[in-house]
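Reading through the structure tokens given below for one structure.
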Amino acid sequence: MGRVRVGAVGDVHLDRDVVGRFRPALDDVAEHADILLLAGDLTRHGTPEEAECVAAEFGGLDVPVVAVLGNHDYHGDRVTEVTGILQAAGLTVLEGEGTVVETQNGNLGVAGAKGFGGGFAGRCATAFGEPEMKDFVRHTEFSASLLTKALESLECDVRVALTHYSPVPDTLQGEPLEIYPFLGSYLLAEAIDAVPTQLAIHGHAHAGVERGVTPGGVRVRNVAHPVIRQAYSVFVIDQTC
């Protein structure tokens, strides 16, 4: 198998005033990437009107576009409508699901889930005490289990995990330590390490850094637009799973 090229960006926070910012760089995306992954926070407030802006910006590209939603996309409580608009534009939106894309150099499998917070080993929330805290942690546990099942379901040459929240603290450096528990969870890394995975993509951490690694050795990349400062980054994978 040859080299599979994965383009990715997150946290574009589109609304009418920024439509067109990314499109010029996307018109030739097929020359640089075999797929484009969107790591959540595609809108500012999760409205259908903003979703139409995302559809205009990322629809009709020459490569498959696969997305997960982020916390901003959930804010308007209209996730079903937002998802429907994106799917109508040809985007694949994942939440606890996987999809396989055929490329010239092998089949690329993407497992996607928004994820959630909770913190990282040694400094994390636990399902103990008040029902509100238990609900918080159980939501992360549920999301991590969805990611594991999605990864396990993929029959492919290359496996990629796509989340909004971070699976590791490495890529959060630069963010205030006090908000780490709201930026990701070690349970996502456990899910990624449980299944042979070549790359983990996330967003959410605007003040973080790009590079990290799970305890199991999977490379993690934070593609939040404020971090990568370009329309998308490209990562090359030449391993088989």
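The values are calculated or read from the model by the stated rules, or taken from the named source; none is laboratory data. What you see is a predicted model; the values in this text were computed from it and never measured. Note that each Cβ is placed from the backbone with ideal geometry, even for glycine, and that neighbours are counted across all protein chains shown. Note: accessible area is taken over every heavy atom of the protein model, side chains too, but ligands, DNA and RNA are not part of it. Shrake-Rupley method; radii C 1.70, N 1.55, O 1.52, S 1.80 Å.
Considering only protein heavy atoms, what per residue accessible area in square angstrom results for the chain with a 1.4 angstrom probe? Spell out each step's value before the answer.
On the way: 10380 Å² over 241 residues.
Accessible surface, normalised per residue, equals 43 Å².
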Please name whichever of Ile228, Val65, Ala121 sits farthest to the positive end of the charge dipole of the chain, dipole taken about the Cα centre and charges placed at Cβ: Lys and Arg +1, Asp and Glu -1. Ala121
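Compute the FRET efficiency between Ala125 and Ala194 as 1/(1 + (r/R0)^6), taking r as their Cβ-Cβ distance and R0 = 22 Å, and round to the nearest 0.05. Numbers along the way, then the final one.
Numbers: r = 21 Å, r/R0 = 0.94.
FRET efficiency, Ala125 to Ala194: 0.60.
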Listed peptides 35-47, 112-124 by packing density, highest first (mean Cβ within 10 Å): 35-47, 112-124
Going by a ≥ b ≥ c, the root eigenvalues of the Cα gyration tensor, does the range 68-164 fall in the rounded group (a/c under 1.5), the prolate group (a/b larger than b/c) or the oblate group? oblate
May I ask you to order 17-27, 196-206, 220-230 by the average number of other C-beta atoms within 10 Å around their residues, highest value first? 196-206, 220-230, 17-27
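Hey, with R₀ at 35 Å, roughly what FRET efficiency would Asp135 and Val213 work out to, going by the Cβ-Cβ distance, to 0.05?
On the way: r = 30 Å, r/R0 = 0.87.
Between Asp135 and Val213 the formula returns 0.70.
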Tell me which DSSP H helices of the chain clear both cut-offs, 18 Å or more of axial length from alpha-carbon atoms and a mean Kyte-Doolittle hydropathy of at least -0.5. 131-153
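Rounded to the nearest 500, what is the 222 nm mean residue ellipticity of the chain from helices alone, with -39500 (n - 2.57) per DSSP H run of 4+ residues and division by all residues?
Details: 7 runs with 64 residues, N = 241.
Computed ellipticity for the chain at 222 nm equals -7500 deg cm²/dmol.
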Global geometry of the range 106-241, whether rounded, prolate or oblate, following the gyration tensor of its Cα atoms and the 1.5 cut on a/c: oblate
DSSP beta bridge pairing in the range 110-213, given as percent antiparallel to the nearest 5: 20
Distance from the range 56-112 to the range 32-55 (C-alpha centre basis), Å: 8
What's the carbon and sulfur percent of the chain's accessible surface, probe 1.4 angstrom, rounded to a whole number? 49
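In nm, what is the difference between 0.36 nm times the number of residues separating Phe182 and Val236 and their Cα-Cα distance?
On the way: separation 54, 0.36 × 54 = 19.44 nm, distance 2.96 nm.
Additional length available on full extension: 16.5 nm.
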For q = 0.12, 0.13, 0.15 Å⁻¹, what log10 I(q)/I(0) does the chain give under the Debye formula with an equal point scatterer on each alpha carbon and no solvent? -0.60, -0.71, -0.96
Given +1 on the Cβ of Lys and Arg, -1 on the Cβ of Asp and Glu, and no further charges, what dipole in debye does the chain carry about its Cα centre, rounded to the nearest 20? 480
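Over the range 3-238, what is the percentage of antiparallel beta bridges among all DSSP beta bridges, to the nearest 5?
Values: 17 of 44 bridges.
That works out to approximately 40 percent antiparallel.
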5 angstrom amide H check on Ala67, placed H, neighbours 5+ away: Leu38, Thr92, Val93, Leu94
